[in-house]
Amino acid sequence: MLDGVTRRYAVGGAAALDGLTVPVPGGACLVLLGPSGSGKSTALRLVAGLEPLDAGRVLLDGADLAGVPPERRRMAMLAQRPLLFGHLSVLDNVAFPHTVRGVPRRRAHADARARLDAVGLPGFERRRPGELSGGQQQRVALARALAAGPRVLLLDEPTTGLDTGARAEVHELLRRVRADLTLLLVTHDPVEAATLADRPGDRVAVLRDGLLQQHAPVGELYARPASLTVARLLGGRTEVPGTVRAGRHVSPLGALQLPVPVPAGPGVLVVRPELVELVPAGSGIAGTVAEVRVLGARALVTVAVAGAGGTARVHAEAPLGRQPAVGDPVGLRVPVDVRTVVPPSEDGERQQLP
Ligand code: ADP
């Protein structure tokens, strides 16, 4: 549990982390998601005890960790880079947490072998880290972190330096070894957040400028971002400014019924591109394809809709090969339940919508 956790690097300066309060239930995964400079790594270092708090408390199972040194917090960290000892064998690297505690060599090695099996690297014991790929090195680092017998695994952008295949492997492995460990993951990548925070109790805390923006299951962040910042961070693209009147969002798209009550006044409609349906011209909201960008197996189709008060741009997705061409007239369907309205300015951001 983080309770009012605050860190100010310069006396009198802006807080890198400002009164962050979020529960971290035992056995669950909490993701700290935010852009660079939002305070994520600071939070992780405060939890690990590597950095002093200026205010607030870090609690583990209800016990305040103030004064408990990092090595006694029962936490292990998997950093962006594996940070292995280059002169030691893979086996000795993994056995290291045991060695420093004075565990007899044979027992330490037996455990390290089991950990290497668990991360899918049996037979690599005698190699040096320099003889492994980046993904394999990160798996060794994970085996070493697990060998420390932590209650909490701290993950600091653990796959940032890896290629797509190795990233997927490390993600899969983390999901497999996770068991009842508590995970605290720092990332700027919503896909990583969604991949690792996929159990019912898992939550994502979105940070910006050291402030908590939203704390919710990842599905809710996608479906109901509380602010433009959250919507953008989660890869949202469509932002249609307009006005809310009597439960409808009024913009060049028309007067669209909203699924939940929203206070009257200016508001921006945000809609996930994968939830907008492209339908034949003549049905739905009439628009014209303004741009098509291929994103792997899907194409991102930008549709311009001219209406009262100007032109809105709405992004939709189509399977590759089935996308319309620039200039084509198309129809758009925006199902009622996917319409979300957020405050128009980034200043209004912390205010949660009902
Ligand atoms: P993130 O991990 O989200 O990129 P950080 O926690 O690293 O964010 O940084 C949050 C803010 O604190 C940034 O403005 C950063 O410049 C500042 N900061 C981080 N570490 C230090 C430090 N050791 N000394 C001074 N300022 C720091």
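Out of the stretch 309-332, which residues are more than 20 Å from ALA231 (Cβ to Cβ) and among the basic types (Lys, Arg)?
Across the stretch 309-332, the qualifying residue is only ARG322.
Tell me, please, whether a residue that is among the charged types (D, E, K, R) and away from the ligand (no atom under 15 Å from the Cβ) can be found in the stretch 24-45.
The answer is no, given that none of the residues of the stretch 24-45 is among the charged types (D, E, K, R) and away from the ligand (no atom under 15 Å from the Cβ).
Looking at the stretch 229-258 only, could you name the residues that are within 20 Å of ARG208 (Cβ to Cβ) and in contact with a strand residue (DSSP E or B) (Cβ under 7 Å, 6 or more places away or on another chain)?
Of everything in the stretch 229-258, those that are within 20 Å of ARG208 (Cβ to Cβ) and in contact with a strand residue (DSSP E or B) (Cβ under 7 Å, 6 or more places away or on another chain) turn out to be THR229, VAL230, ALA231, LEU233, GLY236, ARG237, GLU239.
Name every residue in the stretch 171-192 that is part of a helix (DSSP H, G or I) and hydrophobic (A, V, I, L, M, F, W, C), in order of residue number.
LEU173, LEU174, VAL177, VAL191
Name the single residue, out of those in the stretch 2-23 being closer than 12 Å to PRO52 by Cα and assigned to a loop (DSSP other than H, G, I, E, B), that is farthest from the ligand (Cβ to nearest atom).
ARG8
Is there any pair linking a residue in the stretch 187-212 that is crowded, with 17+ Cβ neighbours inside 10 Å and modelled with pLDDT of 95 or more to one that is assigned to a helix (DSSP H, G or I) and among the polar types (S, T, N, Q), with Cβ under 7 Å and at least six apart or on different chains, and which?
Once the first residue is crowded, with 17+ Cβ neighbours inside 10 Å and modelled with pLDDT of 95 or more and sits in the stretch 187-212, no partner that is assigned to a helix (DSSP H, G or I) and among the polar types (S, T, N, Q) comes close enough.
I'd like the full set of residues that are under 28 Å from the mean Cα position of the chain (by Cα) and assigned to a strand (DSSP E or B), limited to the stretch 276-307.
Selection gives GLU277, VAL292, ARG293, VAL294, LEU295, ARG298, ALA299, LEU300, VAL301, THR302.
Take ASP64 and tell me if it is within 14 Å of the ligand (Cβ to nearest atom), in contact with a strand residue (DSSP E or B) (Cβ under 9 Å, 6 or more places away or on another chain) and not β-branched (Val, Ile, Thr).
Considered against the rule, which asks whether it is within 14 Å of the ligand (Cβ to nearest atom), in contact with a strand residue (DSSP E or B) (Cβ under 9 Å, 6 or more places away or on another chain) and not β-branched (Val, Ile, Thr), ASP64 comes out as no.
Before we move on, is GLY56 touching a strand residue (DSSP E or B) at 6+ places or on another chain (Cβ under 6 Å) and within 8 Å of the ligand (Cβ to nearest atom)?
no
Report yes if PRO122 is at pLDDT below 95, crowded, with 18+ Cβ neighbours inside 10 Å and assigned by TED's automatic domain parsing to the domain that holds GLY49, otherwise no.
Judged against the criteria, PRO122 is not a match.
Return the pairs, sorted by first residue and then second, in which the second residue is within 6 Å of the ligand (Cβ to nearest atom), the first residue lies in the stretch 30-41 and is of a type in the set (D, E, K, R), the beta carbons are less than 8 Å apart, and the residues are 6+ apart or on different chains.
LYS40/GLY34
The values are calculated or read from the model by the stated rules, or taken from the named source; none is laboratory data. Remember, predicted model here, so these are calculated numbers, not experimental data. Because the Cβ atoms are built from the backbone with ideal geometry, glycine has one as well, and the counts that use them run over all protein chains shown.
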